[in-house]
Amino acid sequence: MIDLIRQLYDLDLAPVSPDATRSLDIIQQALPEEMIVRRWEYPSGQAHNGWIVPNSWVPGRVTVLRGKDGAALTGPWAIAGYSLPFEGTVTGEELKRHLFYHRSEINAVPYHCDWYYKPHTRDWGIATTWTVVEGIQNSGSYQVRVQPTEAPGIMGVLDADLPGEHRNTICFQAYNCHPHQANDNLSGIATIVEAMNRLSGWSRRRFTYKVLVGPELLGTIFWAAQNPVGHIEGV
């Protein structure tokens, strides 16, 4: 389980990204060979009930320089999920409006994913620590570069069944869109894969077991639209 988490932990995951696709490949390889696997694909721009599959998005580099002397401002800096690109000179007050941080956990870098699900509110943004924010002068000048990469892509959902004697199905679902967080939700993925490998060793299984892995909310919503609840008997 730890080995699987390590393989997934370093990936730049997002609802749609090359590493999100790679994560499904890794997970599929870790499942028992007897599982019946399907991969559902949804192109960027596909819509359902107000939800839209986003573009493929990959975080790039962030640099923040002091305008006075051009010295790099020490981070940590992390691009907020689905941030727009930005390059320009801003005041410290303006910079702070685009920073995300925790006041209570002053050295923690928060995970910002709000723009995954609210594309109409997107802006540029950087996650950092409250300790860093405290050192930014409101009247100061700062040169900022935020350089993500965005393009049309494909959102994937892994759908795998471990057959039992009955079609009544117990479904395990986990998401693969939160990057570099072992306990959210990579630990869930590893637990499900381990459960399937143990169940695979049983000589007799009463129920069928289904594994669904895709982006949080979006993957499940689009999969369910294509596979009505009646598709999983007993749910």
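The values are calculated or read from the model by the stated rules, or taken from the named source; none is laboratory data. Quick caveat: nothing in here was measured; it's all calculated off a predicted structure. Note: ideal-geometry Cβ built from the backbone for every residue, glycine included; neighbour counts use all protein chains shown. Surface areas here come from the heavy atoms of the whole protein model, side chains and all, with no ligands, DNA or RNA. Shrake-Rupley method; radii C 1.70, N 1.55, O 1.52, S 1.80 Å.
The chymotrypsin sites (Phe, Trp or Tyr not before Pro) found in region 169-234 that occupy coil by DSSP, while having at most 12 further C-beta atoms within 10 Å, are 202.
What's the angle, to the nearest 10 degrees (0 to 90), between helix 18-30's Cα axis and the longest principal axis of the chain? Here the helix axis deviates by roughly 30 degrees. Only Cα pairs within less than 10 Å get springs; with that Gaussian network setup on the chain, which residue of 189, 136, 126 has the largest fluctuation? Among 189, 136, 126, the largest mean-square fluctuation in the Gaussian network model of the chain belongs to 136.
FRET efficiency for the residue 47 to residue 96 pair, using the beta carbon distance and R₀ = 41 Å, is estimated at 0.75. Modelled spin labels at residue 89 and residue 6, positioned 7 Å past Cα toward Cβ, are 4.8 nm from each other. The overall shape of region 1-53, judged from the alpha-carbon gyration tensor, is oblate: a/c is not under 1.5, and a/b is no greater than b/c. Look at [x] 7, 28, 29, 19, 11, 4, 1, 0; [y] 7, 31, 37, 20, 5, 0; [z] 6, 22, 25, 18, 13, 9, 4, 2, 1, 0: the one that is P(r) over Cα pairs in 10 Å bins from 0, in percent derived from this structure is [x].
With the Cα gyration tensor of region 161-229 giving a ≥ b ≥ c as the square roots of its eigenvalues, does the rule (a/c under 1.5 for rounded; else a/b larger than b/c for prolate; else oblate) give rounded, prolate or oblate? Since a/c reaches 1.5 but b/c is at least a/b, the shape of region 161-229 is classed as oblate. The largest accessible area among 68, 118, 210, 96 belongs to the first residue in 68, 118, 96, 210, and the rest follow in falling order (1.4 Å probe, all chains). In terms of Cα to Cα distance under 18 Å, which lysines are near enough to residue 118, apart from those fewer than 8 places away along the same chain? Result set, ordered by chain and number: empty. Mind listing which GluC sites (Glu not before Pro) in region 128-167 are in a DSSP loop and have 14 or fewer other Cβ atoms within 10 Å? Within region 128-167, the qualifying GluC sites (Glu not before Pro) (loop, at most 14 other Cβ atoms within 10 Å) are 165. Among the protein heavy atoms, those of residue 120 account for about 150 Å² of accessible surface (1.4 Å probe, every chain in place).
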